[in-house]
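**Q** I'd like to ask some things about the structure below.
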Amino acid sequence: MTNLKALIFDVDGTLADTERDGHRVAFNKAFDEFNLDWHWDEALYGQLLAVTGGKERMAYYLDKFNTEFTTDQDRVELIKAIHACKTKHYTELLSSGAIPLRPGVKRLINQARERGLRLAISTTTTPANVTALLEHSLGADSYNWFEVIAAGDIVSAKKPAADIYLWALEKLNLTAHDCLAFEDSDNGLKSSLGAKLKTIVTVNGYTESQDFSGAELVIDNMGEPNDGFRTISGEDYSSDYLDLALLEKIHRASD
Ligand code: XBP
Ligand code: MG
């Protein structure tokens, strides 16, 4: 049995509930700036989240939902330009403090740091978005708390492919058995399980009805001592907030 050495966090939907009021709003601001009549309402965005990666998501939208759109520009280049504009709007949204961390995230990360656990991030989102979220929610130095930040285009195959987690494990020089992963979506869970990582899922409005087979524990959020989580599936050992004691039990049971 190996000791728990590292926690690997997904970002969007896990550290913060960023999609509906963050990324989606930033995409629509970018579409307006490009004078496009594209508008992603909450329901459509929920469908588009089937595809990870903002650039890939725009291509999916054009292929499946806006087949009438034509342009004399190179479509790949246009999508890249729109995405850069979206990232500018998204990081500005984060800087305004519009998207707080989810319950229990700051407490768990601080406890892990105090106990010397190594921290990493595995996310499909753009690196600049990770920097902005961490700096504006955990403080200027918090970027350095994470030994490895595996993000965005660092791998060509995005979630649900396992590549982003495998890349993080390689950089950590750890095996999957040394770690626990934290995710929010079916695509994210497929990715972490593909890397053989035991995974805890905190659902959100867009993902609560998805299939999380294979997760160690599925909860509605990480919980706080005075405001516990709701267990959706898996073994919570009669706890109602994630702390290192619970993580150790889950990690031991997995061996
Ligand atoms: C979620 C994603 C990202 C964001 C948009 O990432 O799929 O693509 O929706 O960010 P994760 P970008 O859950 O893995 O953190 O536009 O920068 O891709
Ligand atoms: Mg996510």
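**Q** Among helices (runs of 4 or more DSSP H) lying entirely in the range 1-104, which contain 2 or more residues that are aliphatic (A, V, I, L, M) and touching a residue at least 40 places away in the same chain (Cβ under 8 Å)?
**A** Answer list for the range 1-104: 24-33, 75-95.
**Q** For the subset of the range 231-249 comprising residues that are in contact (Cβ under 8 Å) with a residue 60 or more places away in the chain and closer than 17 Å to residue 115 by Cα, which member is farthest from the chain's Cα centre (by Cα)?
**A** 248
**Q** Kindly list, by first and then second residue, each pair from a residue in the range 151-163 that is on the phi < 0 side of the Ramachandran plot to a residue that is within 13 Å of ligand 2 (Cβ to nearest atom) and not in a helix (DSSP H, G or I), limited to pairs with Cβ atoms under 6 Å and residues at least 6 apart or on different chains.
**A** Pairs found: 151/123; 158/52; 158/53; 158/124; 159/52; 159/124.
**Q** Is at least one residue of the range 80-91 open to solvent by 60 Å² or more (accessible area, probe 1.4 Å), of a type in the set (Lys, Arg) and at pLDDT 95 or above?
**A** yes
**Q** Among the candidates 128, 120, single out the residue that is closer than 17 Å to residue 13 by Cα and assigned to a helix (DSSP H, G or I).
**A** Just one listed residue meets the conditions, 128.
**Q** While we're here: Is there a residue in the range 36-54 that is surrounded by 14 or more Cβ atoms within 10 Å (Cβ to Cβ), among the charged types (D, E, K, R) and not assigned by TED's automatic domain parsing to the domain that holds residue 188?
**A** No - not one qualifying residue is present in the range 36-54.
**Q** Next question, about the same structure. When the residues of the range 184-194 are filtered to those that are surrounded by 24 or more Cβ atoms within 10 Å (Cβ to Cβ) and among the small types (Gly, Ala, Ser), which remaining residue is farthest from residue 4 (Cα to Cα)?
**A** 185
**Q** Restricting attention to the range 1-35, which residues are away from ligand 1 (no atom under 16 Å from the Cβ), at pLDDT 95 or above and farther than 23 Å from residue 190 by Cβ?
**A** Passing the criteria: 5, 32, 35.
**Q** Which residues, taken from the range 132-154, are under 13 Å from the mean Cα position of the chain (by Cα) and within 13 Å of residue 15 (Cα to Cα)?
**A** Across the range 132-154, the qualifying residues are 133, 134.
**Q** Right, here's the next one. Does the range 208-246 hold any residues that are outside any loop (DSSP other than H, G, I, E, B) and either open to solvent by less than 30 Å² (accessible area, probe 1.4 Å) or of a type in the set (D, E, K, R) (or both), and which are they?
**A** 217, 218, 219, 224, 227, 244, 246
Residue by residue, here is whether (1) within 13 Å of ligand 1 (Cβ to nearest atom); (2) at pLDDT below 95; (3) crowded, with 24+ Cβ neighbours inside 10 Å holds:
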position: 147; (1), (2), (3): no, no, no
position: 151; (1), (2), (3): yes, no, no
position: 164; (1), (2), (3): yes, no, yes
position: 168; (1), (2), (3): yes, no, yes
position: 174; (1), (2), (3): no, no, no
position: 178; (1), (2), (3): no, no, no
position: 181; (1), (2), (3): yes, no, yes
position: 204; (1), (2), (3): yes, no, no
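**Q** Got at least one residue in the range 57-77 being within 12 Å of ligand 1 (Cβ to nearest atom), outside the structural domain of residue 195 (by TED's automatic domain parsing) and of a type in the set (Val, Ile, Thr)?
**A** Scanning the range 57-77 turns up no residue that is within 12 Å of ligand 1 (Cβ to nearest atom), outside the structural domain of residue 195 (by TED's automatic domain parsing) and of a type in the set (Val, Ile, Thr).
The values are calculated or read from the model by the stated rules, or taken from the named source; none is laboratory data. The structure displayed is predicted, hence computed values, not measured ones. Reconstructed Cβ throughout: ideal geometry from the backbone, glycine too, with neighbour counts over all protein chains shown. Accessible surface areas use protein heavy atoms only, side chains included; no ligands, DNA or RNA. Shrake-Rupley method; radii C 1.70, N 1.55, O 1.52, S 1.80 Å.
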